Amino acid sequence: MALPEIKRVLLKLSGEVLMGEQEYGIDPAYVARLAEEVKAAQETGLQVCLVIGGGNIFRGVAGAARGLDRTTGDYMGMLATVMNALAMQDALEQQGVPTRVQSAIPMSSVCEPYIRRRAERHLEKGRIVIFAAGTGNPFFTTDTGAALRAAEMNCDALLKGTSVDGVYDSDPKYNPDATRFDTISYDQVLSANLKVMDATAVALCRENDIPIVVFSIREKGNVATVLSGKGTQTIVQKEA
């Protein structure tokens, strides 16, 4: 099923994809390849904004499991997303794409604070905006931050680029017989506890009628392919 016509989209990337084939950190060559995909999407005439996770550097939940205070761990994770956002900004600007990073935690020496109207103006001027530091609050994931920014920016869709090519009824990494959905409703995702995004993010998209498109970011050129309504993907939306 193809997406309805969209003019503005938010692309959510997990921090892990920035590692490339490494076990940790940021692979500049792979970030450059991702930047090429984002640039190609923008060149179709779309207004594009991004949210990038921080799991390649630090994950607050994992830190808490090892004895770190959860609030402290979450703030450390937010700082990791700022590092990833700056890396993506640099890669995009090296390819001639004007880009702005806006952080939910003010750090004026590094990037802009998050201001919704300013972000909208950047998008209208053809700039890519990367939203960093999640919602600025602990106990919320970058998935929720992405859903929140997609709603605030009036995005027509939220694209989630992951290491799998859609939503399955069980984890395809462990179950070779897992079945992939072409389309699925928000309520089905929530009731079956499918790990597309966290429940708060899915509920927020449902309330604002923002389709979630889950696809593999590891396939080269897949962002543009998915936006054209082709390729392998799962669309999470209201029931027809």
3J(HN,Hα) from dihedral phi, segment 179-186, Karplus parametrisation 6.51/-1.76/1.60, rounded to Hz, x for glycine, proline
9, 8, 8, 7, 9, 7, 8, 4
³J(HN,Hα) computed for each position of segment 39-55 - Karplus, 6.51 cos²θ - 1.76 cosθ + 1.60, integer Hz, glycine/proline x:
4, 4, 5, 5, 5, 7, x, 7, 8, 10, 10, 10, 9, 10, x, x, x
Which labelled figure in (i) 0.94; (ii) 1.01; (iii) 1.37 is Cα Rg over 2.2 N^0.38 Å, once derived from the coordinates:
(i)
Where GluC sites (Glu not before Pro) in DSSP loops with at most 16 other Cβ within 10 Å are excluded, longest remaining stretch of the chain
44-218
Mind checking segment 80-141 for trypsin sites (Lys or Arg not before Pro) that DSSP puts in a loop (not H, G, I, E or B) and that have at most 13 other Cβ atoms within 10 Å?
125
On a straight-distance basis, which lysines could pair with residue 125 in a cross-link, Cα separation under 22 angstrom, same-chain partners fewer than 8 positions away excluded?
7, 12, 39
Rounded to the nearest 5, the percent of antiparallel DSSP beta bridges in segment 153-240 equals 40 percent
Taking θ = phi - 60°, what integer Hz values does the Karplus form 6.51 cos²θ - 1.76 cosθ + 1.60 yield along segment 136-152, in sequence order, with x for Gly and Pro?
x, 10, x, 6, 10, 7, 5, 4, 5, x, 5, 5, 5, 5, 4, 5, 5
Say a site is exposed when it is one of the chymotrypsin sites (Phe, Trp or Tyr not before Pro), sits in a DSSP loop, and has at most 15 other Cβ atoms within 10 Å; what is then the longest site-free stretch of the chain?
25-138
Listed by chain and number, the residues whose amide H is under 5 Å from that of residue 103, excluding neighbours fewer than 5 places away on the same chain and using placed H, are 112, 114, 132
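Considering only DSSP beta bridges whose two residues both sit in the chain, what percent are antiparallel, to the nearest 5? Don't skip to the end; give the middle numbers.
Values: 5 of 34 bridges.
Close to 15 percent.
Just so you know, all these numbers are worked out from the coordinates, no wet-lab data involved. This structure is a prediction, so every number in the text was calculated from the model and none was measured. Cβ atoms come from the backbone with ideal geometry, glycine included; neighbour counts cover every protein chain shown.
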